Amino acid sequence: MTTPVTARDRAKAERSDALLHAAARLFAARGYSGVSLEEIGAAVGVSGPAVYRHFAGKQALLGAVLIKVSQDLLRGGDEVRTDVSEPEKRMHGLIRFHVDFALGNAEVIQVQDRDVAYLSDSDRAEVRRLQRAYIELWMDALAALDETLADDGDALRLRVQACFGLINSTPHSTRATARRHSATASVLIAMAEAALRAATRGASPDPDPPGGPRPT
């Protein structure tokens, strides 16, 4: 039997969401180490100690922010995979989804790029697990488009991660006003599709490029 959701439950959930949004905004602006728990609480009208009613501490807040974004990406990508059966349209749908997500969640992407090292071991492992699943979802979609890549996991992974790098760089290279323009999304979609389908020349890519993988 499902327990009824009370007004208190809803209020607590709304406060938790508000704390997550405030944490993402402040971490993006000043970095994880430059923000205190008191400042995050103050941003939503509560004291620092009151934040502990929702999260175990600042590190737990960071984990919740980055796990949620990874879950949202995987869930959205899986919906595209389920809803679109034609390979070309599925790949386009994944690109469109990720572009829209990146443009609408610039702050969280900035936090992901800069502050993942501050995660607890367990939260980092969960983020990586979710990211790997999302990458593999894209790899499967790309393999269905190009039979020459279907058996080359290293090449598929390289293309997908390079595509993510292109799209996810937008929060660092554009202003908020530009991210709201439809032309920005159109350019990113066209560039991402070209990057994924670029002709291959020369030797096979190094499966372990300098700097390691950048899942999202």
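The values are calculated or read from the model by the stated rules, or taken from the named source; none is laboratory data. Note that the structure is predicted; figures quoted are calculated from it, not measured. Heads up, the Cβs are rebuilt from the backbone with ideal geometry, glycines too, and the neighbour counts pull from every protein chain shown. To get the accessible areas, we keep the full protein, side chains included, count just its heavy atoms, and leave off ligands, DNA and RNA. Shrake-Rupley method; radii C 1.70, N 1.55, O 1.52, S 1.80 Å.
Observations on the structure shown:
- Cα point-scatterer Debye curve for the range 61-100, base-10 log of I(q)/I(0) at q = 0.17, 0.18, 0.25, 0.30 Å⁻¹: -0.47, -0.51, -0.76, -0.94
- Calculated FRET value between Asp152 and Ala190, using beta carbons and R₀ = 25 Å, to 0.05: 0.50
- Rounded percent of accessible protein surface that carbon and sulfur make up, the range 10-61, 1.4 Å probe: 51 percent
- Alpha-carbon centroid distance for the pair the range 142-162 / the range 88-116, whole angstrom: 19 Å
- Working note: Cα atoms of the range 3-69, range along each principal axis, descending, whole Å: 39, 25, 17.
- Rounded to the nearest 10 Å², the accessible area of Met191 at probe 1.4 Å: 90 Å²
- Relative contact order, percent, the range 15-145 [alpha-carbon distance under 8 Å, six or more residues apart]: 32 percent
- Listed by chain and number, the lysines whose alpha-carbon sits under 20 Å from that of Lys58, ignoring those within fewer than 8 places in the same chain, are Lys12, Lys68.
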